[in-house]
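Structure first, commentary second.
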Amino acid sequence: MLQNPKIMFSAGEPSGDLHGESLAKAVRKLSPNAELIGFGGPKMEAAGVRLCCDMREYTVMGVVEVVLNLRRILGLLDKLCDFMQKEKPDILVLIDYPDFNWRLAKKAKAMGITVFSYIPPSAWAWRKGRAKKCSAIADEFAAIFPFELPVYQAAGANITFQGNPLIDTVHASMTEDEARQHFGVKVGAVPVLLIPGSRKQEINMLLPAMLEAAVKLKAENKDIEFYLPIAPGIDRALLQSKLNVHPELNINLTEDCTYDLMNIGRFALATSGTVVLEAAIMGLPCVALYRMAKLNYFIGKMLVDITYFTLPNLLLNRGIQPELLQDEVNTERIFAEGSRFLHDEAYYEKVKAGLREAVAVLGEPNAAERVAGRILAAAEKFSKR
């Protein structure tokens, strides 16, 4: 193993920052003298990654938004290429963020730098030809879901599934009684979480519908208390401006111990994404929601070929919990699904059993450490080419 490996990471979204944090810690555990550099967010920086650029200045979602911000994104690419040329890392580790990261990967390949793809592009869902193109660039891949493997294996990629790092990071730190006391949950109260996402666009497009459904749920059950964990990087004032439309809900904004909050929640109204999988690991059923700009949806509908879009359902390839997409994200549908979680106990327990089954597919603990070992081995192996 290299004595002082220099590892460059590139992650451009909050979920990538979360995975990058776990990976950086695991690399440092296996190789204490490793130098960690690159593009990421606050979690990666706190884990010891020296950032060239902070992803919070560049995060956008959707085809249209990327086009509108293309000049700034290309400027970021140039900046990272200059950084890579100067630093000469032993290996570049791509963490998701495919449209940008694979442009960076091509530049790294041209410089003779080893490329390791962690969370490769979702060729299983759309643009299957990407698997072959990516396989020609990356030296090794590590997937975090088993359903990602077949299309890459068919393309000749050196890919493995090492498990999912969330198994190690998602857990309660308090007992349920301690958590109820910490969050001020009254005796007999029913905690329900509102999780509108980690991007301004998601909050603007989904939180109003969540709140309108919450009004109906509260009218049906006065014991409900709503809690909204504030995602990292989101302006509290933005959330408060939305909540002010419905002061009667008296929603509790929280900033810490989110997994403990999930552990005592009855269910959540949540934007589809990594947080829905985190909730599943904590045994918290969700009404999973996703809505995008109409043009983005029109384009995506032509390109994406999947039956489900939320991770717990994808892991088992069946609808174990409700997911509402685009026009389905409306007050009545959200209310109906949430109400069922409140009143149909047999259904509620069936969903929780399905979540446990989905989580079991994620593999054994210490996934990040296994991937870190492969990254270090790849850096050494390909440095000898």
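Observations, loosely collected:
- Test: residue in the range 184-197 that is in the same structural domain as THR331 (by TED's automatic domain parsing) and in a helix (DSSP H, G or I): no
- Segments classed as strands (runs of 3 or more DSSP E), wholly inside the range 10-97, with at least 2 members that are modelled with pLDDT under 95 and charged (D, E, K, R): none
- Exclusive hit being more than 17 Å from PRO191 (Cβ to Cβ) and modelled with pLDDT under 95, set ILE281, ILE306: ILE306
- Selection of the range 134-156 for residues being under 16 Å from VAL371 (Cα atoms) and touching a residue at least 24 places away in the same chain (Cβ under 8 Å) yields ALA138, ASP139, GLU140, PHE141, ALA142, ALA143, ILE144, PHE145, PRO146, GLU148.
- Scanning the range 173-230 for residues that are buried (at least 22 other Cβ atoms within 10 Å of the Cβ) and either out of contact with any strand residue (DSSP E or B) (no Cβ under 9 Å at 6 or more places or on another chain) or polar (S, T, N, Q) (or both) turns up just one, SER198.
- Any hit, the range 152-174, residues being out of contact with any Leu (no Cβ under 6 Å at 6 or more places or on another chain), in a strand (DSSP E or B), outside the structural domain of GLU332 (by TED's automatic domain parsing) and polar (S, T, N, Q): yes
- The set of residues in the range 309-351 that are at pLDDT below 95 and of a type in the set (Val, Ile, Thr) comprises THR310, VAL329.
This table checks each residue for (1) surrounded by fewer than 19 Cβ atoms within 10 Å (Cβ to Cβ); (2) farther than 15 Å from ILE334 by Cβ; (3) in contact with a helix residue (DSSP H, G or I) (Cβ under 9 Å, 6 or more places away or on another chain); (4) of a type in the set (A, V, I, L, M).
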{"residue": "GLY233", "(1), (2), (3), (4)": "yes, yes, yes, no"}
{"residue": "SER241", "(1), (2), (3), (4)": "yes, yes, no, no"}
{"residue": "VAL245", "(1), (2), (3), (4)": "yes, yes, yes, yes"}
{"residue": "GLU255", "(1), (2), (3), (4)": "yes, yes, yes, no"}
{"residue": "LEU261", "(1), (2), (3), (4)": "no, yes, yes, yes"}
{"residue": "ALA268", "(1), (2), (3), (4)": "no, no, yes, yes"}
{"residue": "GLY273", "(1), (2), (3), (4)": "no, yes, yes, no"}
{"residue": "ILE281", "(1), (2), (3), (4)": "no, yes, yes, yes"}
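- Filter pass, ASN250 being among the polar types (S, T, N, Q), closer than 20 Å to ASP344 by Cα and either modelled with pLDDT of 90 or more or outside the structural domain of ASP344 (by TED's automatic domain parsing) (or both): no
- Hey, PHE335 within 20 Å of TYR290 (Cα to Cα), aromatic (Phe, Trp, Tyr) and in contact with an Asp or Glu (Cβ under 9 Å, 6 or more places away or on another chain) or not: yes
The values are calculated or read from the model by the stated rules, or taken from the named source; none is laboratory data. Because the structure is predicted, anything quoted here is derived from the model rather than measured. As a convention, Cβ positions derive from the backbone with ideal geometry for all residues, glycine included, and neighbour counts pool all protein chains shown.
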